[in-house]
Structures are given as structure tokens and as C-alpha cells.
Amino acid sequence: MEQQFSALFQPYFLNNNVEIKNRLVVAPLTHFASNPDGTLGSQEAQFLQGRAENMGMFITAATLVSENGKAFQGQPEALNEFHLESLSKTAEIIKQQGAKAILQLHHGGKLALSELLNGKEKVAPSADPDTQTRALTQEEILQIIQDFAFATELAIRSGFDGVEIHGANGYLIQQFFSKQSNQRTDEWGGNLTNRLRFPLAVIDAVNAMREKHQCPAFIIGYRLSPEEPGENGLTMTDTLELVSALAEKPLQYLHVSLWDFYKKARRGADTNSARLELIHQRLNGRLPLIGVGNLFSAEQLVGALNTGWVEFVGVGKSIMINPNLATLIAQGKTQEIITALDPEQPDHYRIPDYLWSLCIKGSPWLPPVKGQDWQPVDI
């Protein structure tokens, strides 16, 4: 390994005394490759192979916790006992490569796809005619909280090292926190305290399951998006209050979802400062932070870590087009890392068919493609 990249391979101890062997994390990747029943698909298993080698943690694709929240074709599921065997296989594939296996828990809310819900209605904190979504009842809210807890139990029993609560990207948990999507007037909406109630209740239920199974080494993380567009969208002021509340909970890490690692605050804080810098300052060492956002090369990864804004760097697009990314860095072969997908070499990447079809069309949310323009996203 080249000395300049050694910082990426320093171990880190979480606050529950679990050692993460290095600072590299595979961010959740939507692969569209689970079977229709939510079990591990053959192309999904192939996609997982190798990508966890020499990584500290591997966070799975967003995994469904409630039947009425499915947001992707080919989304993995953790709904009931039926999924236990499949989850065990997924955890084993990742752990055999030496990384900590983290199951990301997800509910789409109003972003769920009606055609995937088996006749169930789309639900969210508040009714949304544009997406044909109705407001959740009190009983349904409590049930979804317990669905997150039960999915955690399945993760524990299937051998995962932890779970990540998906509170980002406009899905259900963020919908509760944002006053743009939450117009409730009961205890689940309105002021900041009430809008925080659902995210914090999910964390408490997940932690209660960890305590029930007496496994303090089980990792609980939380992913968040720092800002939203729109007049009533989340601001950095909102997010920093969320971060303060999360830092008081029994979590092991926070994970910030960003398109650009260096993106500056839009509003609600010093707009000359990067969002990750502001969040890290607010945490003040209470929890480690994972940062992501178009980090492709080894130089970019170590540069991000060396900002001091994060304890871990996450990779998404780069691990899609470099299935052995961390191994290349560890073995001093950084010149072999590529930064754009070659549409003429589909066998090189082991990307599932449907995801491959999206990749070669080109999208700012997917890796750059050779010969195609790649435009930034302002989020």
C-alpha cells in the first residue's frame, strides 16, 4: 500500500467497543436484483461478491420493513420469518469478505410504487393527492415503528453486524421530519419536537430489540439528508437540530447522504461551510460520521478523510465500476481504478441486468459513462 493512503486503513472503535478495521464503507446501492418475493436474487448475490473485500463496513441496499412501503423493483425485504434464510445468506456473503454487514432498513412512504404494493394503499405522514397517498392513522404509525423493530430482530438472528435506519432521500422517516411533507396536527406533526418524534421512536424501537437480544455489539446507524428544496423543505437549521437529537440516542454512527461530498449549505447555516463540516462540528465527537458524494479515486477518498469532517468515507458509484476498489488501494494498484463505466465491457462489473440498462443510458445518479456528458445535481 502506498503510504499516502494508509489513513484509509486505520481501525476505528465505535462507542460500543466494536472495531471497524478501516475507514472505507460501501454505501447502500439500489441494485434492483432481489427476487419478486424480496429474497436474495442470483444477480444480487453476484453483485455482492468481492465488493466488500478490504472494506470496513458494507451497507446493503434499502431493505423493506413494511409491505406498504416498497419503492423499488427488485427491492430486498425483511418482513417475516420467510426472509430469514435469505437474509442469512446475504450477511454471510458480506462477512466472508471481512467487512461488517449492515442491513439498511427502509420504508418508502409516499415514494412507494403502487404497482408493487399488492393492492395496499400508499401511506405517508399526511395525505398527498399528487402521489395518491393517504395519511397514516395512529395505529398504523405504531405498527410501522414495530416493523422497523421486527426487521432488526431478523437482522440480528440472520447474523448481520448491525442495521442502518434509512432516514434520508425523502422516504418515510424524512417525510415525518420535514414540515414540507408533514402537515399533521397531532403529536406526530407540527413543531420540531413533534416532527422528530417518529425518527426517534424508530431508533428507540430498534435499540429495544438489540437490548432484548442482549447483543450490545450490534451496530445501529442512521442515514440522513441535510437539506431539501422548496420553501418548507429541510434546512441546515433543521438538520443540526436533528443531529443534536440523534447524538443523544444509543447510535454508533451517522451517515449523510450527499451527491457531492463538498457541497456547501444552502440555507439555515453558514453558506460558506460544507454541510458535512457543519454536521461534524455539531456532533463534536459524540458520534462518528460517514460522508459520501462522488468520491472515485484513491486520492479523492483519502482527501475526503483528511478534511477532518468525517471518520469514514463511503463509496457508491466507484464501487459499482471498481468491484475490487479497496483491494486495489490496499495492494498499491491505484492506477487501475477507473472513473467511468465502459459500456462495451458489461462482464467486467457484475452489475445486474436492469441496473446495467439504467447505467448505460446515463444518469447523474449513476457512474459516468465513457463518451457521455455527466451533469452535477444541485441537491
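The values are calculated or read from the model by the stated rules, or taken from the named source; none is laboratory data. Keep in mind that this is a model prediction, so the values were computed, not measured. For neighbour counting, all protein chains shown are included, and Cβ atoms are generated from backbone atoms with ideal geometry for every residue, glycine included. What goes into the accessible areas is simple: the full protein's heavy atoms, side chains included, and nothing from ligands, DNA or RNA. Shrake-Rupley method; radii C 1.70, N 1.55, O 1.52, S 1.80 Å.
Annotations for the structure displayed:
- With eigenvalues of the C-alpha gyration tensor scaled by 5 and rooted, the stretch 287-330, Å: 18, 11, 9
- Candidates 143, 46, 214: whichever shows maximal mean-square fluctuation once the chain is modelled as a Gaussian network with Cα springs under 10 Å: 214
- Charge context of residue 44, other residues only, Cβ under 13 angstrom, K/R +1, D/E -1: 0
- Hull volume in cubic angstrom per residue (convex hull over the Cα atoms of the stretch 290-379): 112 Å³
- Counting only protein heavy atoms and a 1.4 Å probe, the chain has 40 square angstrom of accessible area per residue.
- According to the Cα-based calculation, Rg over Rh for the stretch 151-226 is 1.05, with Rh computed by the Kirkwood formula.
- Integer Hz, Karplus 6.51/-1.76/1.60 couplings in order for the stretch 341-349, x for Gly and Pro: 7, 9, x, 8, 10, x, 6, 5, 9
- Note on residue 46/residue 84: beta-carbon distance plugged into 1/(1 + (r/R0)^6) with R0 of 22 Å gives a FRET efficiency of 0.50.
- With all protein chains in place and a 1.4 Å probe, the accessible surface of the chain carries 46 percent carbon and sulfur.
- Close Lys-Lys pairs in the stretch 1-148, where close means Cα under 15 Å and separation is 8 or more or interchain: 8
- The figure for residue 188 is an accessible area of roughly 10 square angstrom, using a 1.4 Å probe on the protein chains alone.
- D (Stokes-Einstein, µm²/s), Kirkwood Cα radius, the chain, 1.002 mPa s at 20 °C: 103 µm²/s
- Highest-MSF residue in the chain out of 43, 146, 335 [GNM, Cα springs under 10 Å]: 335
- Global geometry of the stretch 187-290, whether rounded, prolate or oblate, following the gyration tensor of its Cα atoms and the 1.5 cut on a/c: oblate
- Note on the stretch 158-281: with charges restricted to the Cβ of Lys and Arg (+1) and Asp and Glu (-1), its dipole about the Cα centre is near 100 debye.
- For the stretch 1-114, the equivalent ellipsoid derived from the Cα gyration tensor has semi-axes of 29, 15, 13 Å, listed largest first.
- Difference of contour (0.36 nm per residue) and Cα-Cα distance, residue 194 to residue 208: 2.9 nm
- Projected label distance in nm at residue 2 and residue 139, using a 7 Å step from Cα toward the beta-carbon: 6.2 nm
- Residues of the stretch 301-325 with amide N under 16 Å of the 7 Å Cα→Cβ point at residue 370: 321-323
- For residue 100, the residues 5 or more places off, or on other chains, whose built amide H falls under 5 Å of its own are 57, 58.
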